[in-house]
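What follows is one structure encoded as structure tokens, with my remarks underneath.
Rule-based calculations on the coordinates, nothing more; no lab input. Keep in mind that what you see is a predicted model, and the values were worked out from it rather than measured. So basically every Cβ, Gly included, is an ideal-geometry build from the backbone, and we count neighbours across all protein chains shown.
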Amino acid sequence: MAADEQLQTNNRDSQGRLSFLDWTRGLAVVIMLQGHVFHSYALPNLRGDGPFVLSQLFGGLGPAIFLVLTGITLAFIMDGRERQGLGPAQRWKAALRRAGYLYMLAFLFRLQLWLFAYPGSAWTDLFRVDILNCMGFAIALMSVMAVFTTAERVRLCAVLGAAIAAMSPIVSSIDWSWLPAPVSHYFVPNYNFFAFFPWASFIAFGLSIGSLLRLAKPDQMNRVAQWSALGGLGLVLAGQYFSNLPYSIYPKSEFWLDSPGLIVIKLGVVLLVMSFAYLWTEVGVGQSWSWLRQFGSTSLIVYWVHIEIVYGRWFWFWKENLNNWQCAAYAAILILAMLALSVARTRWKKFRLPSLTPYFTFNNARRASGD
């Protein structure tokens, strides 16, 4: 069988990337773009209406997808180092380097936003806990999972994700006012920040999913996708059921802030999306150029640029001043503009900015496996 045919049967594109993961990440990019447009530009008196609520409801799924895919990336890295024959300490250091890389990106991102907004930006904005900060902090703590084998991580990281989700309402109910805000924002649930509780649970679950993917053989991927879809549906139903019970084991819990039920529902939806993405790319539709996969392979530059456009000073005269139709039109234009940027980034190889959650190419994975 030819090399290109082998890649396609493994659900990989000609560049060796896992197509369905790129497609899933690309969908998260689109969800993120429309959610941020409505959040920044919608009129205040429209923020209780259906279009805005729906926009933010779907928008909340984007970070969950990104974080799960970040965990999958980390699992690939750990497994790759294990297959190279590196010891537990070396694998741990490699995971810590990934955390340091994300921290560096997070700081540069905040620094750029602060400089572009100067002098109207406060110096405390440099320490805002965004999704990249959450990724770096969580990976630094979870890097210890590198000392275990890939098979062990499937179970251990699933338990870790469940523990983080279960602990979130407890952490939220404790008085942390004695801690400096820049510190507490890293782990105390907050509507305005990406705290370790509960967001890091998605990274832990991604570690478990990624480890399972690395253990699965190519001819087992169809079965994995089927079980993923069934499991995702089961999680959505279970999360919905337990969230609607008239009693709770927690003395205090907010569904949209720290509820384990919401985490379970979002994880189920992520699994359903990934299963659909696998089917979509596997049946042959995804073998041609895909604008969603295009977004997925260049997510960092899209994320970086659109935040400045949407939340920066460039279009201040439209902030909180557009109706629902205008926000929808703005979102469509922004998506097209970011797609053009993504294509330009792909074609202009001189600048090699990584994606938000970069994946090993097939050749890298083969080298890591010793093939």
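At most 11 other C-beta atoms within 10 Å and a DSSP loop state: those are the exposed chymotrypsin sites (Phe, Trp or Tyr not before Pro) I care about. Give me the longest piece of the chain that has none.
So the longest stretch without any such site is 1-177.
Taking amide H as placed 1.01 Å from N in the peptide plane, SER259 has its amide H under 5 Å from the amide H of GLU254, each at least 5 places away in sequence or on another chain.
Note on the chain: with a GNM built from Cα contacts shorter than 10 Å, the maximum mean-square fluctuation among VAL30, VAL264, VAL159 falls on VAL159.
Among the helices of the chain, those built from whole DSSP H runs whose Cα atoms reach 30 Å or more along their own axis and whose mean Kyte-Doolittle hydropathy is at least 1.0 are 61-83, 150-173, 260-282, 324-347. Once backbone amide H atoms are built at 1.01 Å from N, LEU18 has no partners under 5 Å, excluding neighbours fewer than 5 places away on the same chain.
Pick from ARG223, ARG81, ARG128: which residue has the top mean-square fluctuation in a GNM of the chain where Cα pairs under 10 Å get a spring? Its mean-square fluctuation being the largest, the pick is ARG223. Along region 190-195 the Karplus relation, 6.51 cos²θ - 1.76 cosθ + 1.60 evaluated at θ = phi - 60°, assigns HN-Hα couplings of 8, 5, 9, 9, 9, 7 Hz to successive residues, with x for each Gly and Pro.
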